[in-house]
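A.B. asks: I have a structure here, written as C-alpha cells, and I will follow up with some questions on it.
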Amino acid sequence: MKSSVIIFPGSNCDRDMDVALKKFGFENQMVWHNDAEIPKSDLIVLPGGFSYGDYLRCGSIAGKSRIIKSVIDFANSGGLVLGICNGFQILTETGLLPGILQQNKYLNFICKNVFVKIKNKENKYFKKIKKEVLELHIAHNEGNYFCSEDELKSIEDNDQIAVTYCDHKGNDDEKNNPNGALKNIAGIFNKDKNILGMMPHPERMIDPFLSGEDGSLFFENLIESL
Amino acid sequence: MVDVNEKIAIEHGLKSDEYKEICDLLKRTPNITELGIFSAMWNEHCSYKSSRRHLKKLYTKGEQVIQGPGENAGVVDIEDDDAIVFKIESHNHPSFIEPYQGAATGVGGIMRDVFTMGARPIANLNSIHFGSPDNEKTRNLLRGVVKGIGGYGNCIGVPTIAGQTCFDESYNGNILVNAMTLGLVNKNKIFYSKAAGINKPVIYVGSKTGRDGIHGASMASAIFDDKIEEKKPTVQVGDPFTEKLLLEACLELMAGKSIISIQDMGAAGLTSSSIEMASKGDLGIEIDLTKVPCREENMTPYEIMLSESQERMLIVLEEGKENEAKKIFDKWNLDFAVIGKTTNSKNIELFFKNKKVAEIPIDFLAENAPMYDRKWIKTKLPKENKFSKDRFKSLKLSDCLKKVLIDPNIADKEWIWDQYDHTVMGDTIQKPGGNAGVVRVHGTNKAVAASVDSSATYCYAHPLTGGKQVVCESWRNMISVGAKPIAITNCLNFGNPEKEKNMGEFVECVEGIAEASKYLNYPVVSGNVSFYNETKDKGIKPTPSIGGIGLLSNYKKMMTMELKDEGNYLFVIGKTEGHLDQSIFARNILTEFNGPPPEVNLFNEKQNGNSILNLKNKNLIETCHDVSLGGILTAISKMGIKSGKGVKLFPLEGLVNKFEYFFGEDQGRYIIEIKPENLENVENMLKKESIHFDKLGLVEGDKITYENDLKLSIDDIKEGYKKWLKEYMVN
C-alpha cells in the first residue's frame, strides 16, 4: 500500500507519521507543499504542526497551497485522505470537511492522553478495530470543533461523526470534553467516509514505551482495510 | 551623527574608566556605531567580565566531552557515532518585562545555539522561578511565561520533556526563565563558529533585521528600577515558524560541505556573531551593512549592528558555494544575502552606502574586553538549629504531610506541562513529572535522560554546599531513571556582582559546582551567567540551575517512579540523619528559616548512585525515586499518587524522631522498590558494598499508613497535590 504525507512549511508531525505508516507496512513518501502533483497513492495524510505558522487562522493558508488542489481532486475521486490535528484544520479550511476548529475552551494548549469513542465503524478507518474506546493523545491549541445547527444535523443524519472525547468507559459527556468541542467531536468524516479529520494523534501511540499503543490498532486496521 | 562623549558612553552601560580605556585603545574617540559595538561586547552578558576568572575553576573535561564551554553549546559523546549538543541559557530580564515574548525568544535562542552546531533539537527543558504566589504579579508572569515557552516549542515541534518551577519572594522583582535544549548530531558532523580562510563569503540568512531588541544584551546587564516597563521595546519578538524553516534549511545546508563556520545571531546580534567568528579564527571581517536585509526603513548602521531581531544566522561559506546555498534558503522562503567577507586585517570593518562607518581591531572587542577581579565575601556555615521535642508535640504526621504536599514548591505542576507538547517526535518515553525526562535516540536502543535543578534556598544559606548539592541532585535524577550521568550545563543566576555578598555567593556556588562535578566526573560543558537580577537594591537568592543529561544504553531498562506491585518492599538507600534546617518542613511547618543546608557527602553520593545502577543492571529493582525536597514522606506520596498504590511504612528503628526521619532532607538518598524474591540478593549486595539502607515499608493497598500516626488515602492526598496550582491559576 502506498501513502503520501504532505509537508507544509511548519508541519512538525510529518516525520512521526512517516515512522508510523512505515512501521505498519505502508510504502510512504513525503511530498513537498510546493509540488503540483502527488505520486500515486492509496492514502494521503495531512500531518500535524503549524502550517505556514498558522498565524492567520489554523490551516487557512495550507488550504490554499499549491499541492492542495491535487489533494482535493484525489479526495473527490474517492481516495482516502486523513488529516491529523493541523491536517484536520486544513481539511475544514478546504471545505472537504464541514465545520471549523476554534481555540480550546480554556484558551490553553492541551497536551495529554484522552479517550475517544468510535462512533462509526462502517468505513475503512475503523472497520476492523475491535475496541469501542481508544486511548489516544492530543496536543493542540485549536481543537474546539464547531459548526452550524444545519451542518450538525447533516453530519448526524449522515453518520459523519467519527470519534468523540469520552472517559475510559466511553461516556462522551461534557465532563469528558477537554476543549469545548461541539458534541465532544474529536473527528469527523465527509459524507462518503473516505476523508477523516481528527484532532488526536494515533502516530504518537504506536509502541508500549510511548503514551500508549492504541494508535497501533488504528494503523493496523488501516493497512488491512485498504 | 551623534558626537560620542563620556555621558553617552555611560548611557550605554559602560563605566567611565571603561570609556577611557576604549579611547586609549583606539587612540581616538569612537563614533556612535563603534561605541554601540563596544558597549555590546563589553557588557557583562557578552564579556563575562565579572565571572570569567571564576568560571575557569569549573571541571570541563572527561573522556565523554567532545566540546566544552566556549562554543555555541557543549557536545558529549553518547557512543556509536552519536553525540548530544546541549546548553541552558537565561532569558530573565526580558521575561519580566514581557513574559510571553521574553520566554518564547529564550526558547528560540537556545534552540538556535544547538542547531547551529549541526544538531537536530530533540528535547527542550526549562527552569522557571517566580516571586511569592501572593505577589500580585506572579500569576500573570507565570501564565505569560508558560504560554511563551509553549507557544515557541510547540510550534517548532520539539518536545518539552521536563522542567522545574519554583516560587520564592526573592524573585518578586526578577523572575528567572532558563531554557535548555538537547540536540542530536553525528559526532563527525559537528559545526563550529570558528571562521577559517580569507576572502570567504559571509552570509546572512533567516529573518529580516528590525529595530527590536536593540541593546537587549545591555538590558540583561543592568539592574531594574521603577521605569523598567519603558524597556518593553527592547524585548525581542519571536517567530517560531521562521525558526522552524531556518532549522530545516540549516540542517539541509549542513548535509553538504559548503559551510566553514556558522553562528546564530543571539545577544548583541550581528555584532557579537561576526566578531566571535572572526576572533576565533584569528581573522578580520568586512561587512557591507547596506546588504543586510532590513524589515524597517532607514535603519542606521548602529541599529543594524545592535538589533536583536530573532531567527537569524551568520555563515561563512566556501567560495563558490553561494548559489547552492541560496537555493536551499529560497526553497524555505528565507532571506539570503552575501553581506561581506573574511579578511586578514584582524579588524572588523563596516561599510554603509559606500562609506566606511566603523573599524575596530577585533582583539579590542574580544580578548581585550575588561576582566574584573571583583571583591567578594565568604558565607559562613550557619549554626544548626536544635529543635526541642516541644516543637513537634502538637504536630500530626498526616496534617504535616498534607500541608507539605500543597506547598507551592512541591505541588503538582501539571497545569504547566499540559501546555507543552511533550510527545511530538514520537520518542518521549518519560514525560514531565518523573525523575527526569527521557527521549529515545531515534531509531536506536539508546535513550537520553535530562533534567533541570536548582536549590536556591540551600545556596542562599550556604553557597558552597548549595553549589555541590544541586549538582548531586541532578546526578541523582539521572541515576533514578537508570541512566549513566554524562555531563551538565549550568545557568548561573545571581544578583549584583558589584556587591561583595552577591559576588561571594557566585564564587562559592561555582566552587561547589566545580568540586561536585569533578568528583562525580559529571563535567560542565556549557552554560551562561546572568548577573544583575536585582530590583531596587533587592537581589534574588543565588540560583545556579543545573541541566544534566544521562545515557541509557538500552531504553527498555529505563526506571520510573510509579510503584509497581502489591507486597513489594521499599528501601531507602543512603543514611537518614533527619536534617530539617532549610527543609520545606522547617520553613512551612516550623516557620524556621535559618540554619545550614543538608551536608553533601560526595563519597556517599557516588557510592549510592553507582550501587543503584548496579542493582538495576542486575534487574533487582522495580522502581526508583530520589529523595529531595520534602524528604521521604513526600517522595513516597508522589510515588503513590503516580501509581494509585499505597504504602505501609514500618516502625522506625533508631533515634531520629519521626518528623525528622520522614521530612528531613539529607542528601544522597533514593527510594527503591524490590520484589520479595530479590530481597535477600539486594540486601547482600548493599551490605557487601557498605551502602547504608533502611527497610522503609511495603507497597500495600491504597493508603499511606504509619502505625497509628498516619492513615491517608492516596486519593485524598492526590486531590490537594494536584489541585493547588490549577486553583491558583484560575483565582
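Rule-based calculations on the coordinates, nothing more; no lab input. The shown structure was predicted, so the numbers you read here are calculated from the model rather than taken from an experiment. Note that each Cβ is placed from the backbone with ideal geometry, even for glycine, and that neighbours are counted across all protein chains shown.
A.B. asks: On C-alpha positions alone, give me the angle between the axis of helix B:32-42 and the longest principal axis of chain B, in degrees, nearest 10.
C.D. replies: Tilt of helix B:32-42: around 30 degrees.
A.B. asks: How would you classify chain B from its alpha-carbon gyration tensor, with a ≥ b ≥ c the square roots of the eigenvalues: rounded for a/c under 1.5, else prolate if a/b is greater than b/c, otherwise oblate?
C.D. replies: prolate
A.B. asks: If we sort B:97-105, A:21-29, B:155-163 on the protection proxy, mean other Cβ atoms within 10 Å, highest first, what's the order?
C.D. replies: Top to bottom by mean Cβ count within 10 Å: B:155-163, B:97-105, A:21-29.
A.B. asks: Ok, one more. Give the aspartates and glutamates whose C-alpha is closer than 15 Å to that of B:Lys257, dropping any in the same chain fewer than 8 places away, or say none.
C.D. replies: B:Glu318, B:Glu319, B:Glu322, B:Glu324
A.B. asks: Say the cut-off is 25 Å between C-alpha atoms; which of A:Lys64/A:Lys127; B:Lys606/B:Lys687; B:Lys645/B:Lys722; A:Lys2/A:Lys119; A:Lys117/A:Lys153; B:Lys61/B:Lys189 go over it?
C.D. replies: From A:Lys64/A:Lys127; B:Lys606/B:Lys687; B:Lys645/B:Lys722; A:Lys2/A:Lys119; A:Lys117/A:Lys153; B:Lys61/B:Lys189, over 25 Å: A:Lys64/A:Lys127; A:Lys2/A:Lys119.
A.B. asks: Which whole number gives the average count of other chain Cβ atoms within 10 Å of the Cβ atoms across peptide A:45-55?
C.D. replies: 3
A.B. asks: Could you tell me how far the Cα centroid of segment B:277-341 sits from the Cα centroid of segment B:180-203, in Å?
C.D. replies: Taking the Cα centre of segment B:277-341 as reference, the centre of segment B:180-203 is 15 Å away.
A.B. asks: Which distance in Å, rounded to a whole number, links the C-alpha centroids of segment B:673-731 and segment B:377-413?
C.D. replies: Each part's Cα centre sits 19 Å from the other's.
A.B. asks: Going by average Cβ neighbours within 10 Å, how do the peptides B:672-684, B:300-312, B:600-612 rank, with the highest at the top?
C.D. replies: B:300-312, B:600-612, B:672-684
A.B. asks: For peptide B:236-243, compute the average count of partner chain beta-carbon atoms within 10 Å of each residue's beta-carbon.
C.D. replies: Across B:236-243, the average partner-chain Cβ count within 10 Å equals 2.
A.B. asks: Hey, another quick one. What whole-number distance in Å separates the alpha-carbon centres of segment B:590-616 and segment B:38-72?
C.D. replies: 29
A.B. asks: Does anyone have the angle between helix B:16-26 and the longest principal axis of chain B? Alpha-carbon axes, 0 to 90°, nearest 10?
C.D. replies: Compared with the principal axis, the helix lies near 50 degrees.
A.B. asks: Note down the relative contact order for segment A:2-225 as a percent, whole number, built from C-alpha pairs under 8 angstrom at least six residues apart.
C.D. replies: Result for segment A:2-225 is 20 percent.
A.B. asks: B:Val529's amide H: which non-local residues (gap 5+, or another chain) put their own amide H closer than 5 Å, with H modeled 1.01 Å from N in plane and none for Pro or chain starts?
C.D. replies: Residues meeting the criterion, in which the H sits 1.01 Å from N, are B:Leu492.
A.B. asks: What list of ³J(HN,Hα) values in whole Hz, one per residue of segment B:407-417 in order, does the Karplus curve 6.51 cos²θ - 1.76 cosθ + 1.60 (θ = phi - 60°) give from phi, with Gly and Pro shown as x?
C.D. replies: Rounded to whole hertz, the list is 5, x, 7, 10, 3, 4, 10, 3, 3, 6, 6.
A.B. asks: Taking the alpha-carbon distance from B:Lys389 and a cut-off under 17 Å, which lysines remain once sequence neighbours fewer than 8 residues away in the same chain are dropped?
C.D. replies: Of all the lysines, those that pass the test against B:Lys389 - Cα under 17 Å, at least 8 places apart if same chain - are B:Lys658.
A.B. asks: I need the peptides B:387-397, A:135-145, B:84-94 ranked by packing, meaning the mean over residues of other C-beta atoms within 10 angstrom, with the highest value on top.
C.D. replies: The densest-packed peptide leads the list: B:84-94, A:135-145, B:387-397.
A.B. asks: Work through the residues other than B:Asn708 whose Cβ is under 15 Å from its Cβ and net out their charges, Lys, Arg +1 and Asp, Glu -1.
C.D. replies: +2
A.B. asks: Turning to a different aspect of this structure: Excluding residues on the same chain fewer than 8 positions from A:Lys105, give the lysines whose Cα lies under 18 Å from its Cα.
C.D. replies: A:Lys175, A:Lys183, B:Lys147, B:Lys726
A.B. asks: Please list, ordered by chain and number, the residues whose modelled amide H lies under 5 Å from the amide H of B:Phe191; skip anything fewer than 5 residues away on the same chain.
C.D. replies: So B:Phe191 has HN proximity to B:Gly118.
A.B. asks: Within segment B:494-591, count lysine pairs with alpha carbon atoms under 27 angstrom apart where the residues are 8 or more positions apart or belong to different chains.
C.D. replies: So the count works out to 12.
A.B. asks: Something else about it: Between rounded, prolate and oblate, where does the protein assembly as shown land on the alpha carbon gyration tensor, with a ≥ b ≥ c its root eigenvalues, rounded for a/c under 1.5, else prolate if a/b exceeds b/c?
C.D. replies: Oblate, since a/c reaches 1.5 and b/c is not below a/b.
A.B. asks: Please identify, among A:Leu182, A:Leu80, A:Leu46, the residue showing maximal mean-square fluctuation in a Gaussian network model of chain A using a 10 angstrom Cα cutoff.
C.D. replies: Among A:Leu182, A:Leu80, A:Leu46, the largest GNM mean-square fluctuation belongs to A:Leu182.
A.B. asks: In debye, nearest 20: dipole of the protein assembly as shown around its Cα centre with unit charges on the Cβ of K, R (+) and D, E (-)?
C.D. replies: 820
A.B. asks: Specify which residue in the list B:Gly701, B:Ile122, B:Val357 is farthest towards the positive end of the charge dipole of chain B, using unit charges on the beta carbon of Lys, Arg (+1) and Asp, Glu (-1), about the Cα centre.
C.D. replies: It is B:Gly701, whose Cα lies furthest towards the positive end.
A.B. asks: Moving on to the next point. Please compute the modelled spin-label separation between A:Asp150 and B:Lys331, points set 7 Å along Cα→Cβ, answer in nm with one decimal.
C.D. replies: 4.6
A.B. asks: What average count of beta carbons from other chains do you get within 10 Å of the Cβ of residues in B:408-419?
C.D. replies: Mean shielding by partner chains, rounded to a whole number: 1.
A.B. asks: OK, next. Compute the acute angle (0 to 90°) between the alpha-carbon long axis of helix B:240-254 and the principal axis of greatest extent of the alpha-carbon atoms of chain B; round to the nearest 10°.
C.D. replies: In chain B, helix B:240-254 runs at an angle near 80 degrees to the longest axis.
A.B. asks: May I ask which residue of A:Phe26, A:Ala139, A:Gly215 lies farthest towards the positive end of the charge dipole of segment A:2-225, with charges of +1 (Lys, Arg) and -1 (Asp, Glu) on Cβ and the Cα centre as origin?
C.D. replies: Most positive-ward Cα: A:Phe26.
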